[in-house]
Structure formats: C-alpha cells, structure tokens
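Here the structure is laid out as structure tokens; the discussion comes afterwards.
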Amino acid sequence: MNILAFMRSKEELVYLYEDMTLEEALAKMEKHRFTSVPMINREGYYVGTITEGDLLWDIKKHDDFCLSKASNRLLSSVKRNRDYQAINITANITELLTKAADENFVPVVNDNNLFLGIVTRKTLLNYFFEHNFIVL
C-alpha cells in the first residue's frame, strides 16, 4: 500500500518556517487552532515539529517576556521537546502506522529530506474504518 494515498501535500498544509518569529508562529497557530505544526526551512527541508508546549515553555523561561518581544525572537531559538520523526515517501504502511500510533500526524519527506506533506492519524483511522479493517 502506497502512503501517497494518505498524504496531504505541503501546499494544503499549515506549516512554519524556522526563521519566523514567535509572534508570527503564535498568530498562525492561533488562527488555525493547531497544537503542533511541522517546521521547515526556507529551502523546504523538514526541521522538526513545533508545539504549543514548546512555545509556552520558551515564554516561561524568559521571565521578562512580553508579546512585543515575540516579534524579535526567532522560532529556531525555541527548544523543542521532541520532533515528530519524518518517514520517507517510500516507507511501507507498517512504518507509517507505527509512527502514527504515537503522533497526530507523520511528516513525509523525500530522499533529500525535503518536506512533502503529512499523513494524519485521522486519515488513517477513517480509511481503516471505511474499509472494515477495524471492528468496534
């Protein structure tokens, strides 16, 4: 089974660039109501995953933080707790399911680590429910 059938392409997604400011990241995450978002660099390479928790702990770490300072702090300076590990576009369904069991989405990259898109756990579950692979 090809994982392309489950993937939402980069063009359809909300993602952040590592050189965005905290203010830009917060605004984008708030607008779309996402708790975790893929982060890439300007060349399109997958960098990691930024979460609300990462942003919260970074803000807490800076005692003198105020929203106006968020426009001066780059997202790349935020320590991430852990990144969602990307899988290669050629990965098999077992690898995909293993990753999806632990995360809300699985980032998908090509052989050069260029970010292609994500597969959401919801998409996988819906597929298996619709095809009667999971019995309740």
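The values are calculated or read from the model by the stated rules, or taken from the named source; none is laboratory data. This is a predicted model, so every value here is computed, not measured. Glycine gets a Cβ as well: all are built from the backbone with ideal geometry, and neighbour counts include every protein chain shown.
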Among residues of region 21-37 being in contact with a Leu (Cβ under 9 Å, 6 or more places away or on another chain) and either surrounded by fewer than 19 Cβ atoms within 10 Å (Cβ to Cβ) or at pLDDT below 90 (or both), the residue nearest to L56 (Cα to Cα) is L26
Residue check, E43 out of contact with any helix residue (DSSP H, G or I) (no Cβ under 8 Å at 6 or more places or on another chain), modelled with pLDDT of 95 or more, within 30 Å of H131 (Cβ to Cβ) and of a type in the set (D, E, K, R): no
Mind listing whichever residues of region 44-65 are out of contact with any Asp or Glu (no Cβ under 9 Å at 6 or more places or on another chain), without any contact (Cβ under 8 Å) to a residue 60 or more places away in the chain and in a loop (DSSP other than H, G, I, E, B)? H62, D63, D64
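Every residue in region 1-24 that is assigned to a loop (DSSP other than H, G, I, E, B) and under 18 Å from N113 (Cβ atoms), please. Even if it seems obvious, please write down each step before you answer.
Step one: list which residues in region 1-24 are assigned to a loop (DSSP other than H, G, I, E, B), which gives 1-2, 6-7, 13-15, 18-20.
Hits for region 1-24 are M7, L13, Y15, E18, D19.
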I need a count of the residues in region 9-38 that are among the polar types (S, T, N, Q) and touching a helix residue (DSSP H, G or I) at 6+ places or on another chain (Cβ under 7 Å). 2
For the subset of region 25-43 comprising residues that are free of Cβ contacts under 8 Å to residues at least 12 places away in the same chain and in a helix (DSSP H, G or I), which member is farthest from S77 (Cα to Cα)? K31
Picked from region 98-113 (must be surrounded by 15 or more Cβ atoms within 10 Å (Cβ to Cβ) and among the aliphatic types (A, V, I, L, M)), the residue modelled with the lowest pLDDT is A100
Selection count, region 89-135, where residues are farther than 13 Å from A5 by Cα and assigned to a loop (DSSP other than H, G, I, E, B): 13
Can you work out which of the residues in region 65-91 that are under 15 Å from the mean Cα position of the chain (by Cα) and of a type in the set (S, T, Y) is farthest from K28 (Cα to Cα)? Y84
Is at least one residue of region 123-131 among the acidic types (D, E), farther than 21 Å from V37 by Cβ, surrounded by fewer than 13 Cβ atoms within 10 Å (Cβ to Cβ) and out of contact with any strand residue (DSSP E or B) (no Cβ under 9 Å at 6 or more places or on another chain)? yes
Pairs needed: first member in region 95-110, farther than 22 Å from E11 by Cβ; second member anywhere, of a type in the set (K, R); C-beta distance under 9 Å; at least 6 residues apart or different chains. A101/R121
